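Below is one structure, written out as structure tokens; the observations come after it.
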Amino acid sequence: MPENPDPQQPAQPKLRQLDAHSLRGLAHPLRIRLLGDLRLHGPATASQLAERLGESSGATSYHLRQLAAYGFVEDAPEHGKGRERWWRPSQDGTSFDESLIYDTDPTTRGAAEVFLTEIAKIHAQELATWMSDAPSWPVEWRRASDLSDFALQLTAEQSLELVHKMHELVNSYRDLPPTEGTETVRFHTHAFPRRAQ
């Protein structure tokens with residue numbers, strides 16, 4: 001992540017804005033999982049990722065090369081020894097443009113659907129894992145977790161404003177120095193309208 005020139009302001013994550021071309025390169029369940037794993041756990045080899053994700057190293061190697069061709073991952077030579085090839089994410093996160101859902105090209109619309117469906121599955125899996133693992137965590141971490149939902153009466157503009165404010169708040173915690181007791185904490189946000197029944 002680039003150094004923050006103003007220490008009073010939290011650094012903004014380096015995001016990759018998806019367009020029709022890059023979306024087609026990412027919209028594969030294994031590629032999305034590989035990229036997510038690298039962003040969460042840091043640099044790794046194809047073999048390490050294969051073991052963590054329950055895939056063959058041939059599959060992870062192929063899809064890592066595809067992610068590299070589209071600029072999502074890059075070599076991490078500082079980790080490699082000999083012929084070992086290490087990979088790291090090229091950006092901190094991905095930004096999805098909603099207009100891709102309405103693209104005139106059906107291939108782009110299909111890729112958008114694959115991408116969003118896979119993200120929703122990953123969120124559901126992470127939440128299910130937490131629910132089954134929660135009893136093994138100390139009580140202070142159980143209290144610090146959250147499973148909430150809200151129904152608000154908003155316009156589309158107000159909803160977008162709230163989403164931006166939530167992202168700003170979460171990003172303000174991004175560069176806190178690690179201290180004793182620090183753990184990786186996952187935050188999911190979902191905001192969507194519902195038709196009146």
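Of all residues in region 39-53, those satisfying the criterion of being in a helix (DSSP H, G or I) and surrounded by fewer than 21 Cβ atoms within 10 Å (Cβ to Cβ) are R39, L40, H41, S47, Q48, A50, E51, R52, L53. When region 67-77 is filtered for residues that are under 22 Å from G36 (Cβ atoms), in a loop (DSSP other than H, G, I, E, B) and of a type outside the set (F, W, Y), the ones remaining, listed by number, are G71, A76.
The single condition among (1) among the charged types (D, E, K, R); (2) surrounded by fewer than 10 Cβ atoms within 10 Å (Cβ to Cβ); (3) part of a helix (DSSP H, G or I) that E113 does not meet is (2). When the criteria are applied in full, D92 fails the requirement of being more than 22 Å from P13 (Cα to Cα) and charged (D, E, K, R). May I ask you to list the residues in region 131-154 that are surrounded by 10 or more Cβ atoms within 10 Å (Cβ to Cβ) and either in a helix (DSSP H, G or I) or over 21 Å from the mean Cα position of the chain (by Cα) (or both)? Residues satisfying the conditions are M131, A134, W137, W141, R142, A144, L154.
Please count how many residues of region 11-38 are within 14 Å of the chain's Cα centre (by Cα) and open to solvent by 70 Å² or more (accessible area, probe 1.4 Å). Number of matching residues: 3. Would a scan of region 155-167 turn up a residue that is of a type outside the set (D, E, K, R), outside any helix (DSSP H, G or I) and either free of Cβ contacts under 8 Å to residues at least 60 places away in the same chain or touching a Phe, Trp or Tyr at 6+ places or on another chain (Cβ under 9 Å) (or both)? Yes, some residue in region 155-167 is of a type outside the set (D, E, K, R), outside any helix (DSSP H, G or I) and either free of Cβ contacts under 8 Å to residues at least 60 places away in the same chain or touching a Phe, Trp or Tyr at 6+ places or on another chain (Cβ under 9 Å) (or both).
The values are calculated or read from the model by the stated rules, or taken from the named source; none is laboratory data. Everything numeric here is computed off the predicted structure, so don't read it as measured data. Methodologically, a virtual Cβ is constructed for each residue, glycine included, from the backbone with ideal geometry; neighbour enumeration extends over all protein chains shown. To get the accessible areas, we keep the full protein, side chains included, count just its heavy atoms, and leave off ligands, DNA and RNA. Shrake-Rupley method; radii C 1.70, N 1.55, O 1.52, S 1.80 Å.
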